[in-house]
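Down below is the structure, laid out as structure tokens.
The values are calculated or read from the model by the stated rules, or taken from the named source; none is laboratory data. The structure presented is a predicted model; accordingly, all values stated were derived computationally and were not measured. Neighbour counts run over all protein chains shown; Cβ positions are idealised from the backbone, glycine included.
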Amino acid sequence: MGIKKFDAAVIGAGSAGIVAATMFAGNGKKTALIEKGNIGGECLNSGCISSKILLKTAHLSQKIKNSSQLGISCSIKKPQLSDVMKAVSETAAAVINQYREKIKAEKNITFIEGAAEFAGENEIIAGREKIKAEKIVIAAGSSAFVPDIYGLREAGFLTSCSVFSAEELPGKLAVLGSGSIGLELGQSFLNLGSEVYVIDRSAGPFHREDAEIGPLIRAKLEDEGMKFINFASVKRVKKEKGKKIIVYQTDKGFFELAVDEILAATGRKPNTASLNLKAAGIKTNERGFILTDSFLRTSAKNIYAAGDCAGPYLFAHMAVYQAKLAVENALFGDRKKTDYSAVPWTTYTSPEVSHVGLNENEAREKGLFKRAQIIDLKNIDRAVSERDTKGFLKLILGKKDRILGVTIVSEKAGEMIGMGVMSLKKNFSAKNFGGLILPYPTVSEIYTFASNAK
């Protein structure tokens, strides 16, 4: 096996990997892009994009059911899940193809299909190829974490990836976990017609976030028919007469729940176990995430890591940010440190939940909290006109009313959080929003309301 030499190599062709490879190539570097699966990674193929297409379909279904609120009399048949998933797959494929064509157009990128494994410092075996690169970015991503529950594998289950291959809508679905993935996919199946049970060890949705979020979202989901089983530990799963029986324990004893399908939504794990990182002197933490410094450099010279495999935030937008930073530091010396002071996240339920900065508890623990300011969507004309009144804007304010954190609950929260991100980056106070002229009627006007509230 001869060695092929490159200026740079990128492991993984997901969100971070594509950005890293195109940046290296754009700077005239002969680059190897290595991927064992599909271009686009899990985010584009079966994660971020696919789930949002499914959510759009499911939320539309729910809106049709509730159309009488707007004076329209409509009904909808229970959809064929196979048809829904086919539409999801076709739409996602169109997005992925754009990235594929972009990579093909880069003359400095050589795409290598195969699993990557380090053979030494700056040496990688990928498929049938052995390559050596001066600079390397590891962007291997993450995959669904499956809990070690007795009988679960034998009974069968879905993950956030395999769910998009499902062909029949389950009559009863149990979702293990009440995080973003569990809530988004759970509400999707709920809106499409499944009876959904969410089982979780914790107190329920958003229990670590601002106290106003969890009860509001839970009440909305329960109103749609979702059932929550909190502070529950799943002990085993068994199959009986075509059903999957979940045995769980709470402080009141042991219980059984019979369902048609199980969705495991209990977190993510980094795709690092098969990389043979020790051969390159790359260290990880106890969970397998690659350890990096503030420049995203690993413990090995000239090797950087970006995206889910490095953490600490497992978001596609964070993967892109880290990839850009890693390549800049790899090419031009370690000049730019990571800045995680204004990292936004959004959970795409209906309504959506978006946040950036500190929540109230975090601000109090740091001794920075002065007051919180909440504007209810019921005060916003556009929200009232569109029946989008289940939500609010919450500002966490410190000294001189400086904005420390922003939380939005709204059907459009993900589109609105950008102004919150800017307010943290620019060190705004609540009064700065008063000078903005925003179009009427829009839900974003809620920011200007916050400038006058006390």
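With respect to (1) over 18 Å from the mean Cα position of the chain (by Cα); (2) crowded, with 20+ Cβ neighbours inside 10 Å, the lone exception for Gly26 is condition (2). For Ser410, are the conditions met, namely being of a type in the set (S, T, N, Q) and either loosely packed, with under 13 Cβ neighbours inside 10 Å or more than 22 Å from the chain's Cα centre (by Cα) (or both)? For Ser410, the condition - of a type in the set (S, T, N, Q) and either loosely packed, with under 13 Cβ neighbours inside 10 Å or more than 22 Å from the chain's Cα centre (by Cα) (or both) - is not met.
All of Ala323, Ala305, Ala330 fail the test of being of a type in the set (A, V, I, L, M), farther than 20 Å from Cys161 by Cβ and either in contact with a Lys or Arg (Cβ under 8 Å, 6 or more places away or on another chain) or surrounded by fewer than 16 Cβ atoms within 10 Å (Cβ to Cβ) (or both), apart from Ala330. Here Leu296 clears all of (1) buried (at least 16 other Cβ atoms within 10 Å of the Cβ); (2) farther than 17 Å from Ala9 by Cα; (3) without any contact (Cβ under 8 Å) to a residue 60 or more places away in the chain except the condition numbered (2). Scanning region 148-187 for residues that are in a helix (DSSP H, G or I), within 24 Å of the chain's Cα centre (by Cα) and surrounded by fewer than 17 Cβ atoms within 10 Å (Cβ to Cβ) yields a count of 2. Return yes when Ala300 is touching a helix residue (DSSP H, G or I) at 6+ places or on another chain (Cβ under 6 Å), over 15 Å from Ser142 (Cα atoms) and among the aliphatic types (A, V, I, L, M) and no when it is not. Against the criterion (touching a helix residue (DSSP H, G or I) at 6+ places or on another chain (Cβ under 6 Å), over 15 Å from Ser142 (Cα atoms) and among the aliphatic types (A, V, I, L, M)), Ala300 qualifies. A count restricted to region 39-80 and to residues that are part of a helix (DSSP H, G or I), surrounded by 13 or more Cβ atoms within 10 Å (Cβ to Cβ) and among the small types (Gly, Ala, Ser) stands at 7.
Confirm whether Ile217 is β-branched (Val, Ile, Thr), in a strand (DSSP E or B), on the phi < 0 side of the Ramachandran plot and outside the structural domain of Leu291 (by TED's automatic domain parsing). Judged against the criteria, Ile217 is not a match.
Would a scan of region 70-87 turn up a residue that is of a type in the set (Asp, Glu) and over 25 Å from Leu183 (Cα atoms)? No, region 70-87 contains no residue that is of a type in the set (Asp, Glu) and over 25 Å from Leu183 (Cα atoms). Against the criterion of being free of Cβ contacts under 8 Å to residues at least 40 places away in the same chain, under 30 Å from Arg371 (Cα atoms), outside any strand (DSSP E or B) and out of contact with any strand residue (DSSP E or B) (no Cβ under 8 Å at 6 or more places or on another chain), Ala211 does not qualify. Candidates Glu328, Glu365, Glu360: the one that is farther than 30 Å from Ala144 by Cβ and in the same structural domain as Asn27 (by TED's automatic domain parsing) is Glu328. Restricting region 226-258 to residues that are more than 21 Å from Ala144 (Cα to Cα) and of a type in the set (A, V, I, L, M), the residue that is surrounded by the most Cβ atoms within 10 Å (Cβ to Cβ) is Met226. Of all residues in region 408-434, those that are assigned to a loop (DSSP other than H, G, I, E, B) have Cβ atoms under 6 Å from Cβ atoms of residues that are modelled with pLDDT of 95 or more, 6 or more apart or on another chain, in Glu411/Pro351; Lys412/Val443; Phe428/Ile403. Number of residues in region 322-360 that are free of Cβ contacts under 8 Å to residues at least 24 places away in the same chain, within 29 Å of Asp401 (Cα to Cα) and in a helix (DSSP H, G or I) equals 0. Each residue in region 377-389 was checked for being basic (Lys, Arg) and at pLDDT 95 or above, and 2 pass.
Condition check for Ala105 on (1) out of contact with any Gly (no Cβ under 7 Å at 6 or more places or on another chain); (2) of a type in the set (A, V, I, L, M, F, W, C); (3) touching a residue at least 12 places away in the same chain (Cβ under 8 Å): one failure, at (3). Can you tell which of Glu106, Glu90, Glu35 is touching a Phe, Trp or Tyr at 6+ places or on another chain (Cβ under 8 Å) and of a type in the set (Asp, Glu)? Every option except Glu35 fails the conditions.
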